[in-house]
2 protein chains.
Amino acid sequence: MFRNTMPRYDLLSDEAMATLDRGWRRIVSEIGVEFLSDRALDLFRAAGQRVEDNTVFLDPDFVLEQVAKAPREFDVAARNPEHSVHIGGDAMAFGAVYGPPFVRQGQVRRDATMEDFRSFAKLAQSFDTLDSAGGVVCEPNDTPLDSRHLDMTLALQTLTDKLYMGNVVSGVNARDTIAMSEILFGGREVIERTPVTISLINCNSPLRWDDRMLDAQFEYCAAAQPVVLTPFILMGAMSPVTIPAALVQQMAEALSGIALAQLIRPGCPVVFGSFLSNIDMQSGSPCFGTPESATGLLCTGQIARHFGLPFRTGGAMTSSQLPDAQAGYEALMTLLPTFLAGANWVMHAAGWLEGGLVACYEKFVIDIELLQMMREEFTPLEIDEASLAFDAHTEVGHGGHFLGAMHTMERFRTCFYRPLLSSSENYERWMRGGGVDAAGRAEQIYQKRLADYEQPPLDDAVRAELEEYVVRRRAELGD
Amino acid sequence: MFRNTMPRYDLLSDEAMATLDRGWRRIVSEIGVEFLSDRALDLFRAAGQRVEDNTVFLDPDFVLEQVAKAPREFDVAARNPEHSVHIGGDAMAFGAVYGPPFVRQGQVRRDATMEDFRSFAKLAQSFDTLDSAGGVVCEPNDTPLDSRHLDMTLALQTLTDKLYMGNVVSGVNARDTIAMSEILFGGREVIERTPVTISLINCNSPLRWDDRMLDAQFEYCAAAQPVVLTPFILMGAMSPVTIPAALVQQMAEALSGIALAQLIRPGCPVVFGSFLSNIDMQSGSPCFGTPESATGLLCTGQIARHFGLPFRTGGAMTSSQLPDAQAGYEALMTLLPTFLAGANWVMHAAGWLEGGLVACYEKFVIDIELLQMMREEFTPLEIDEASLAFDAHTEVGHGGHFLGAMHTMERFRTCFYRPLLSSSENYERWMRGGGVDAAGRAEQIYQKRLADYEQPPLDDAVRAELEEYVVRRRAELGD
């Protein structure tokens with residue numbers, strides 16, 4: 001997996017951080033955080049926090065005591081140990097887009113299906129730069145609502161041998177995910193020793209944690225499976241319009257969710273989550289790849305490190321309706337800061353289009369190219385006498401050409417990043433090849449990947465047990 | 001103009017910088033630098049440097065003594081004082097693409113014409129985010145070769161009231177540019193007091209300065225007009241394939257050119273130039289927006305600051321043949337590091353396509369959008385108690401909505417960057433609007449800009465004198 005040992009690009013002075021610290025402390029103590037879960041309220045009450053209706057007024061120092069129980073870094077196992085990941089420190093792990101109800105494939109935009117879900121899972125498996133297909137790569141709208149989490153989990157478990165995310169629609173779904181993980185990995189004890197899923201718990205920002213997601217959180221935390229406590233903030237809608245206000249709110253929300261995780265199971269691995277962008281103030285529609293989201297992202301990284309927590313942010317977000325120039329630059333507007341901040345868990349790293357409503361096949365390939373380039377760019381330069389290639393100058397001379405130089409011949413295969421998608425063909429050659437744009441070439445690449453896909457091996461007995469579980473549970477759920 | 005007061009993203013340790021320093025010192029002293037100009041060789045010889053044939057073997061300490069004579073920062077006047085720029089420090093100035101022989105307009109790619117040149121100059125005038133149309137915005141292939149510099153300079157002087165670059169094809173062309181600048185600004189003394197042009201002197205890398213560009217440099221330096229001494233390096237062709245080797249060569253070349261500038265006229269304003277990318281090692285074609293070019297760019301900024309020199313690097317480069325997703329992400333792959341490095345003079349900031357062979361109208365607009373976003377992103381965040389908007393939380397409450405909050409109403413017009421080009425329209429609305437991609441919307445924007453263009457006022461007598469000069473000189477040049 002990728003380790004980002006380059007410098008972090010930090011924007012916040014000590015003074016600014018102190019101001020933000022005062023801000024979240026005031027919010028959690030004076031305004032409080034809503035938890036729409038009696039179990040959560042009971043835990044906070046039992047821990048001595050003031051509870052009124054559904055609102056918990058938190059002592060900031062108590063919050064920090066809980067936060068201190070969370071591990072700074074942890075491992076998550078994949079069924080193929082080569083694909084296991086480390087979350088935290090300088091490690092960066094990447095998952096595909098999460099949640100879109102639609103897909104785009106060339107000029108066609110339509111409801112996502114289970115077949116799309118499987119295709120994206122296969123693509124995620126086939127690209128080394130992704131550590132995970134994520135969770136809900138797209139919504140399989142052609143499968144029954146109550147049992148589709150079973151189909152998705154089975155697909156992630158069998159079509160990939162990488163890390164997968166847990167379903168969080170309800171406590172029931174979380175229990176199914178955990179049960180299927182126990183089957184795949186060999187029992188509860190095994191998965192409690194080293195977690196095997198990671199799950200996204202979104203805040204209903206501002207300052208409200210909803211019941212269904214909390215039910216899921218209870219299940220995952222009890223099973224020592226990491227949760228990503230994520231304020232879901234589009235500034236102007238779910239938070240005030242000023243970035244510092246959004247950051248302070250994000251701290252209040254993420255830290256309160258993390259505190260709950262530690263009350264459920266002290267030491268449970270958690271991730272400081274961030275999903276932070278802004279709306280268009282004219283139309284109200286969400287915007288991605290904005291300057292404000294980039295600034296917020298960079299600050300978020302620094303804030304998470306301030307609390308000693310691994311963090312999730314970034315991705316390849318865009319508002320664009322097509323895999324066009326806007327999609328290209330907006331994706332990088334978020335991805336480059338993602339690397340500058342050294343985000344530990346990066347969701348939506350491939351395939352995101354149209355504000356997250358669409359999983360796009362072509363965009364998936366574009367994003368893989370961006371991820372690969374970023375990994376190259378964020379690999380430290382080795383500078384020593386040998387790298388200066390003095391002898392090559394002696395060989396080539398003034399005004400000469402280095403293509404045939406010994407120094408070049410020894411290195412030409414690996415010296416530069418080799419693009420997956422980008423073309424530097426001259427115009428005539430490019431025209432002879434059909435004059436295909438980046439989206440068109442991306443289409444060729446994903447189709448070949450799907451054609452070449454090979455399912456990773458899995459023990460037949462395990463596969464059978466998983467399939468039996470799905471059949472049985474589907475029946476129990478009435479689908 | 002834009003001041004970048006954000007932190008610089010520096011990659012080089014003191015140790016790495018010392019290694020690079022040893023490298024360029026060894027190159028200039030042991031391999032030497034070729035100057036294909038007797039005047040240049042005479043100056044170096046007279047200053048005590050060893051000259052053999054066309055090669056000057058430079059004492060590195062002598063080079064640094066010369067470099068120390070250059071101003072750390074300087075002003076360049078535009079005829080509209082509001083558009084005058086400062087070069088150096090935290091100031092960043094931006095010019096359009098420079099040099100393409102072709103243009104692209106929608107699906108049409110063709111030879112550039114003088115009419116294209118004028119259109120791009122108008123576009124550069126119309127966008128506040130550009131400080132200059134640059135120089136050769138495109139090659140006006142339909143005008144006579146020997147006199148087109150007169151047409152281009154006249155167009156830049158009359159269609160824009162911004163800074164313009166000097167022609168560097170020959171000493172003759174440079175003298176014409178200077179003479180026309182004297183007419184526009186009121187005489188030699190005026191332009192020697194505060195320079196009014198900035199000129200690109202490219203090195204014929206590796207380690208060779210050619211006669212025609214040097215002739216131009218002599219003219220500009222004698223007139224105290226700034227020159228941008230720019231190693232032209234595509235790694236693998238004009239330098240070794242290792243980034244540190246390219247950096248060291250770049251130092252040797254830029255510093256030797258700067259030393260010459262100071263020998264011609266001590267104190268002449270100069271810019272440490274960089275044009276650094278790599279070739280595709282399979283095809284030999286130039287690649288732009290690569291991870292290697294981004295890393296080289298970041299290091300270049302740090303190196304220029306190490307020598308106390310303003311520097312030129314970056315832009316909106318891409319190898320892409322179309323204004324597609326690749327063009328979008330590659331442009332930002334260079335532009336974002338341009339801002340992270342705080343480049344002082346940014347050429348090719350708008351309109352560059354196809355490795356610089358094409359000036360593209362749609363790409364011009366795309367790049368303006370990127371520049372505007374970068375300027376927003378690299379504006380420091382103000383973090384104080386008021387920015388935390390505590391009262392907005394009291395007003396909105398848990399799970400509420402901030403769109404109608406007082407805090408939002410007071411700020412909604414200016415709180416977020418408002419895109420020029422990017423669309424966040426929902427799918428249905430976007431489809432009703434024609435389902436136009438970013439390139440298509442860019443076309444609409446540039447056409448409206450051209451339709452709305454208004455020529456900046458200019459004294460009739462000055463205009464007439466400029467036009468007379470062009471007519472007279474064109475006749476003298478036999479065109």
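The values are calculated or read from the model by the stated rules, or taken from the named source; none is laboratory data. Model, not experiment: these values are computed from the prediction. Note that each Cβ is placed from the backbone with ideal geometry, even for glycine, and that neighbours are counted across all protein chains shown.
Whenever a residue of the stretch B:392-407 is within 10 Å of A:Ser239 (Cβ to Cβ), its partners that are surrounded by 14 or more Cβ atoms within 10 Å (Cβ to Cβ) and of a type in the set (S, T, N, Q), lying with C-beta atoms within less than 7 angstrom and at least six residues away or across chains, give the pairs B:Phe402/A:Ser239; B:Phe402/B:Thr408. Per the listing B:Val248, B:Val228, the residue uniquely among the β-branched types (Val, Ile, Thr) and assigned to a strand (DSSP E or B) is B:Val228. Any idea how many residues of the stretch B:421-456 are outside any helix (DSSP H, G or I), loosely packed, with under 12 Cβ neighbours inside 10 Å and either free of Cβ contacts under 8 Å to residues at least 24 places away in the same chain or within 11 Å of another protein chain (Cβ to nearest Cβ) (or both)? Total meeting the criteria: 3. Just one of the listed residues (A:Glu428, A:Glu395, A:Glu354, A:Glu362) is among the acidic types (Asp, Glu) and at positive phi, and it is A:Glu354.
Scanning the stretch A:264-281 for residues that are more than 8 Å from chain B (Cβ to nearest Cβ) and outside any strand (DSSP E or B), we see that the one that is nearest to B:Leu381 (Cα to Cα) is A:Ser274.
Can you confirm whether the stretch B:34-53 contains a residue that is under 30 Å from B:Met374 (Cβ atoms) and either touching a Pro at 6+ places or on another chain (Cβ under 6 Å) or in a loop (DSSP other than H, G, I, E, B) (or both)? Scanning the stretch B:34-53, I find no residue that is under 30 Å from B:Met374 (Cβ atoms) and either touching a Pro at 6+ places or on another chain (Cβ under 6 Å) or in a loop (DSSP other than H, G, I, E, B) (or both), so the answer is no. All told, B:Gly355 meets the bar of being within 10 Å of chain A (Cβ to nearest Cβ), small (Gly, Ala, Ser) and under 23 Å from B:Asn278 (Cβ atoms).
Just to verify a result, which residue in the stretch B:54-108, among those that are free of Cβ contacts under 8 Å to residues at least 12 places away in the same chain and among the acidic types (Asp, Glu), is nearest to the other protein chains (Cβ to nearest Cβ)? Checked the stretch B:54-108; the qualifying residue nearest to the other protein chains (Cβ to nearest Cβ) is B:Asp61. Residues in the stretch B:36-56 that are under 19 Å from A:Gly397 (Cα atoms) and either among the β-branched types (Val, Ile, Thr) or in contact with a helix residue (DSSP H, G or I) (Cβ under 6 Å, 6 or more places away or on another chain) (or both): 5 in all. The residues of the stretch B:128-151 that are outside any loop (DSSP other than H, G, I, E, B) and either closer than 25 Å to B:Met374 by Cα or touching a strand residue (DSSP E or B) at 6+ places or on another chain (Cβ under 9 Å) (or both), listed by number, are B:Ser132, B:Ala133, B:Gly134.
Taken together, the criteria exclude B:Thr338 from residues that are touching a residue at least 12 places away in the same chain (Cβ under 8 Å), within 15 Å of the chain's Cα centre (by Cα), more than 13 Å from every other protein chain (Cβ to nearest Cβ) and within 22 Å of A:Phe416 (Cα to Cα).
Just to be sure before I move on: is A:Val346 more than 9 Å from chain B (Cβ to nearest Cβ), over 30 Å from A:Gln249 (Cα atoms) and under 17 Å from the mean Cα position of the chain (by Cα) in the structure I sent? No; evaluated as a whole, the condition is false for this residue.
Mind checking whether some residue in the stretch B:319-330 is more than 9 Å from chain A (Cβ to nearest Cβ), crowded, with 24+ Cβ neighbours inside 10 Å, farther than 22 Å from B:Pro206 by Cβ and of a type in the set (A, V, I, L, M, F, W, C)? Looking for residues that are more than 9 Å from chain A (Cβ to nearest Cβ), crowded, with 24+ Cβ neighbours inside 10 Å, farther than 22 Å from B:Pro206 by Cβ and of a type in the set (A, V, I, L, M, F, W, C), one finds none in the stretch B:319-330, hence no. For the stretch A:291-329, a tally of residues being outside any helix (DSSP H, G or I) and under 18 Å from the mean Cα position of the chain (by Cα) returns 11.
Selection within the stretch B:349-374: residues that are in a helix (DSSP H, G or I) and surrounded by fewer than 24 Cβ atoms within 10 Å (Cβ to Cβ). The member of this set that is nearest to the chain's Cα centre (by Cα) is B:Gly356. Count of the stretch A:385-425 residues, restricted to those that are over 33 Å from the mean Cα position of the chain (by Cα) and among the basic types (Lys, Arg), is 1.
When A:Asp75, A:Asp10, A:Asp61 are screened for being part of a strand (DSSP E or B) and surrounded by fewer than 22 Cβ atoms within 10 Å (Cβ to Cβ), only A:Asp75 passes. Would you please name the residue that is surrounded by the most Cβ atoms within 10 Å (Cβ to Cβ), looking only at residues in the stretch B:406-420 that are at the interface with another protein chain (Cβ under 7 Å from one of its Cβ atoms) and either hydrophobic (A, V, I, L, M, F, W, C) or within 12 Å of A:Glu354 (Cβ to Cβ) (or both)? Only one residue tops the list, namely B:Phe416. Within the stretch B:297-313, is even one residue closer than 24 Å to A:Phe378 by Cα, among the small types (Gly, Ala, Ser) and within 13 Å of chain A (Cβ to nearest Cβ)? The answer is no; no qualifying residue exists. With respect to being in contact with an Asp or Glu (Cβ under 7 Å, 6 or more places away or on another chain), of a type outside the set (D, E, K, R), more than 20 Å from A:Thr408 (Cβ to Cβ) and away from chain A (no Cβ under 14 Å), B:Thr194 fits the description. Among the residues examined, B:Val196 qualifies as over 23 Å from B:Ile27 (Cα atoms), out of contact with any Leu (no Cβ under 7 Å at 6 or more places or on another chain) and surrounded by 24 or more Cβ atoms within 10 Å (Cβ to Cβ).
The set of residues from the stretch B:395-405 being farther than 24 Å from A:Arg25 by Cβ and either at the interface with chain A (Cβ under 8 Å from one of its Cβ atoms) or hydroxyl-bearing (Ser, Thr, Tyr) (or both) comprises B:His401, B:Leu403.
Residues that are aliphatic (A, V, I, L, M), surrounded by 13 or more Cβ atoms within 10 Å (Cβ to Cβ) and more than 9 Å from chain B (Cβ to nearest Cβ): does the stretch A:376-394 have at least one? No. Mind listing just one residue for me: the one in the stretch A:17-31 that is touching a residue at least 40 places away in the same chain (Cβ under 8 Å) and crowded, with 20+ Cβ neighbours inside 10 Å and, of those, farthest from the other protein chains (Cβ to nearest Cβ)? Selected residue: A:Val28. Screening the candidates A:Gly106, A:Gly99 for the property of being surrounded by fewer than 24 Cβ atoms within 10 Å (Cβ to Cβ), at pLDDT 95 or above and either among the polar types (S, T, N, Q) or closer than 30 Å to B:Gly397 by Cα (or both) yields one hit, A:Gly99.
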